[in-house]
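Only the coordinates and a few stated rules stand behind these numbers; no lab work does. Note that the structure is a prediction, hence the values are computed from the model and not measured. Here the Cβ is made from the backbone with ideal geometry for all residues, glycine too, and neighbour counts use every protein chain on show.
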Amino acid sequence: MNSYVRAAGRRFKLSPWFGMPGAALLVPQLPSSTLPSFLVEQLTDLASERGYSSILFQSDTQRSANAMEELGFEIVDSLYVLVRSGDLPIPNSSAAQDIAIRRVRQYSYEDLMKVDHRCFNDFWKQDALMMEDARTSTPRSHIRVAVTTGMGAEELAGFCLYGLGAHAAYLQRIAVDPSHQRKGVGRSLAIEGLRWARRWRARRVSVNTQASNERALALYLNLGFNLYPERLWILKRDCGG
């Protein structure tokens, strides 16, 4: 479960990272892309006292990521950041006829995580705790699922978690079961998010995707998103380092 620590008068959240056992994501209460060396040492000690073997940290510029590398962190991965104006026309959906977008209703986080784990590599897989963290990270959130509507029992094909902050919306997590990919499911889930953002008059919509995920990048660009100049960098440091 999440825990909170204080160092140098600042509050930080330690969130267990499902895809890397023993690691915790370090989240400052006040956003920050870098930390001073003395604070890094204090925080790694505090994380170690709570049973973690390493900490993860996010930097939103290459320069800040390089600064954290000098403090013993190593880059684990990077994410593209894409932004779309809330005023742009919303494209039409193109999912297969036997796919419908619905409320989450009878599906639990565990059901969603089964799909999630088939979509992402080990590092980026989530558990129910991380999903709930993401859902509650914005003042308002929304989940939609894609299900099959053809003959036979209904099957969960994918899901998307959307978030809404102050005038900004976020496509926080989109996952499509590999057996239903290339059917327009991801596009339909993203478009549902754009419609939801429009209803709440969001001025912009943002999404992150792994730099290695060329198909997702192509989808978002096709939907009118623009690449932000800087990536989001994920860094790791061992608590003993």
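Descriptive notes on the structure:
- When the charge dipole of region 88-202 is built from unit charges on Cβ atoms (+1 for Lys and Arg, -1 for Asp and Glu) and taken about the Cα centre, the candidate among 158, 126, 170 whose Cα reaches farthest toward its positive end is 170.
- Averaging over all projection directions, the Cα-based convex hull of the chain occupies 13.2 nm² in the image plane.
- Helices in the chain, meaning DSSP H runs of at least 4 residues, each add -39500 (n - 2.57). Divided by all residues, the mean residue ellipticity at 222 nm is -8000 deg cm²/dmol.
- Across region 74-91, coupling constants 3J(HN,Hα) worked out from phi with the 6.51/-1.76/1.60 Karplus curve, θ = phi - 60°, read 10, 6, 9, 6, 9, 10, 6, 10, 10, 10, 10, 5, x, 8, 5, x, 8, x Hz, and Gly and Pro carry x.
- Solution diffusion estimate, µm²/s, Stokes-Einstein, region 88-202, Kirkwood Rh from C-alpha pairs, 10 °C, viscosity 1.306 mPa s: 110 µm²/s
- The Stokes-Einstein estimate for region 1-115, based on a Kirkwood radius over Cα pairs and taken at 20 °C with 1.002 mPa s viscosity, is a diffusion coefficient of 123 µm²/s.
- Dipole axis of the chain (+1 Lys, Arg; -1 Asp, Glu on Cβ), positive-most option in 225, 51, 30: 225
- 26 Å Cα-Cα reach of residue 114 towards lysines, excluding residues that sit fewer than 8 places from it in its own chain: 125, 183
- Within region 38-126, GluC sites (Glu not before Pro) in DSSP loop having at most 11 other beta-carbon neighbours inside 10 Å: 70
- When you filter the trypsin sites (Lys or Arg not before Pro) in region 79-169 for DSSP loop state and at most 13 other Cβ atoms inside 10 Å of their Cβ, you are left with 105.
- For the listed peptides 145-154, 204-213, 51-60, a ranking on the average number of other beta carbons within 10 Å per residue, highest first, reads 51-60, 204-213, 145-154.
- Note that region 120-126 has calculated 3J(HN,Hα) couplings of 10, 6, 4, 4, 9, 5, 10 Hz, one per residue in order, obtained from phi through the Karplus relation 6.51 cos²θ - 1.76 cosθ + 1.60 (θ = phi - 60°); glycine and proline are x.
- Selection from 94, 106, 146 lying farthest towards where the dipole of region 80-157 points positive, charges on Cβ: 94
- If only the Cβ of Lys and Arg carry +1 and only the Cβ of Asp and Glu carry -1, the dipole of region 88-202 around its Cα centre is close to 620 debye.
- Cα-centred dipole magnitude for the chain, charges only on beta-carbon of K, R (+1) and D, E (-1), debye, nearest 20: 1120 debye
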